[in-house]
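The structure appears right after this line, and notes come after that.
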Amino acid sequence: MKICIALLRGINVGGKNTLPMKELVTMLDDLGARKVKTYIQSGNAVFVWKDKDTSQLSNQIRAEIKKRRGFDPDVLLLKLQDLERIIQQNPFPEAETDPVALHAGFLAAVPEHPDLRTLESLKSGSERFRLIGSVFYLHAPEGVGRSKLAAKAERLLGVPMTDRNWRTVRTLWEMTQELK
């Protein structure tokens, strides 16, 4: 049994790609997940997975959503150890006091040719970022919504990304602790 975290990208945004969290729980349950819990409407779920092998689980979740809801969202699957490592590697621990300004961009893969020079040129005076493996950490004290850096990060990194603020990251971790 493994504790897993599923991060769905681009659901329930602006009335598009709607997926009620209750339905996500049912889908995951039907696929074999146990103790499924969701957090907010943007597609975050934690659960216990029955098998050791999770290699096809993201694809299974995507296929099930496509079958039931007619759209095909990116699904990033993390194991508990991955989430714990991401939290431990946070290069801006002092920014955790403002968890809405600190973000983790979960990348589908480690970028092969990220354009770090252009990213650096886009950041405002108060912003900081660091790419560590397949996570793009961003501290945007003036808000991620106004950030040119945040708006162009995915394209300049060259891989799909789904972003969560630090409050969500920590809440997901706390939810996993309840599954132990």
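Annotations
- In the range 1-20, residue farthest from the chain's Cα centre (by Cα) [restricted to those that are assigned to a strand (DSSP E or B) and modelled with pLDDT under 90]: LYS16
- Yes/no for THR171 being among the β-branched types (Val, Ile, Thr), touching a strand residue (DSSP E or B) at 6+ places or on another chain (Cβ under 6 Å) and in a strand (DSSP E or B): no
- Checking each residue in the range 112-139 for being within 17 Å of the chain's Cα centre (by Cα) and closer than 17 Å to GLU94 by Cβ picks out PHE129, ARG130, ILE132, TYR137, LEU138, HIS139.
The values are calculated or read from the model by the stated rules, or taken from the named source; none is laboratory data. This is a predicted model, so every value here is computed, not measured. Heads up, the Cβs are rebuilt from the backbone with ideal geometry, glycines too, and the neighbour counts pull from every protein chain shown.
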